[in-house]
């Protein structure tokens with residue numbers, strides 16, 4: 001099979017559209033049209049009008065295309081170019097079972113007590129695959145900065161990157177608790193409107209999840225939502241490894257978060 005991976009944030013590719021990139025690949029490897037190419041495009045949102053470009057590839061090329069982005073709204077196909085042509089998969093941090101597989105940890109029945117220690121390690125490390133494997137704290141710090149500044153500050157054209165990081169640190173401190181936008185706004189010195197808009201950006205970047213309160217419609221809408229970190233390792237970078245109860249609750253939420261409807265009961 002002909003597998004081709006491209007990171008579209010590469011400066012050398014800024015003037016090439018996706019169709020040109022795949023055509024260059026075919027020429028380089030002397031591939032005829034009937035030879036199918038499997039194209040993996042990372043950071044797809046770096047290409048303007050990428051939905052239209054992907055439609056052209058779908059219609060004109062013998063290729064199967066996989067694209068990735070860390071922003072949910074950036075992948076929205078507002079003009080419907082890819083209707084009937086796409087399937088969306090959300091890739092989440094590793095759960096505990098996947099964590100054990102990545103670490104190549106196998107525990108027999110006689111050593112089940114070791115699971116508790118490995119689970120405590122998981123609560124501290126989280127589920128970002130590369131961090132699970134290398135344990136390099138600097139990698140996780142750089143990853144956080146990359147997401148905050150590239151996928152939020154730059155993508156949305158925000159003017160105060162330090163505010164974004166302070167806000168995110170505050171959210172990590174509140175992980176597992178209800179979040180009041182009015183209180184957040186007061187702490188950060190911004191309007192409640194701005195606090196709400198920024199919070200939506202964090203959700204959109206898969207950094208946090210929000211869960212509404214269970215109750216009547218007006219209670220659900222008006223009551224503060226509960227917030228959970230998308231990854232415990234990232235949360236612990238900001239808060240330190242503490243409050244195991246909140247960490248455990250976060251793990252449970254991550255396991256059941258795809259169940260609908262999803263509410264907090266009080």
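Figures for the structure shown
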item: Any hit, segment 247-261, residues being modelled with pLDDT under 90, within 23 Å of residue 182 (Cα to Cα) and part of a helix (DSSP H, G or I); result: no
item: Residue within segment 171-181 that is surrounded by fewer than 17 Cβ atoms within 10 Å (Cβ to Cβ) and either free of Cβ contacts under 8 Å to residues at least 12 places away in the same chain or within 17 Å of the chain's Cα centre (by Cα) (or both) present; result: no
item: Test: residue in segment 18-26 that is within 22 Å of the chain's Cα centre (by Cα) and at pLDDT 90 or above; result: no
item: Conditions (1) farther than 15 Å from residue 41 by Cα; (2) at pLDDT below 90; (3) within 18 Å of the chain's Cα centre (by Cα); number of the one not met by residue 95; result: (2)
item: Segment 10-34, subset in contact with a strand residue (DSSP E or B) (Cβ under 8 Å, 6 or more places away or on another chain) and surrounded by 13 or more Cβ atoms within 10 Å (Cβ to Cβ), residue nearest to residue 147 (Cα to Cα); result: 13
item: Residue ranges of helices (runs of 4 or more DSSP H) in segment 112-227 with at least 1 members touching a strand residue (DSSP E or B) at 6+ places or on another chain (Cβ under 7 Å) and modelled with pLDDT of 95 or more; result: 161-173, 192-204
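The values are calculated or read from the model by the stated rules, or taken from the named source; none is laboratory data. Because the structure is predicted, anything quoted here is derived from the model rather than measured. Heads up, the Cβs are rebuilt from the backbone with ideal geometry, glycines too, and the neighbour counts pull from every protein chain shown.
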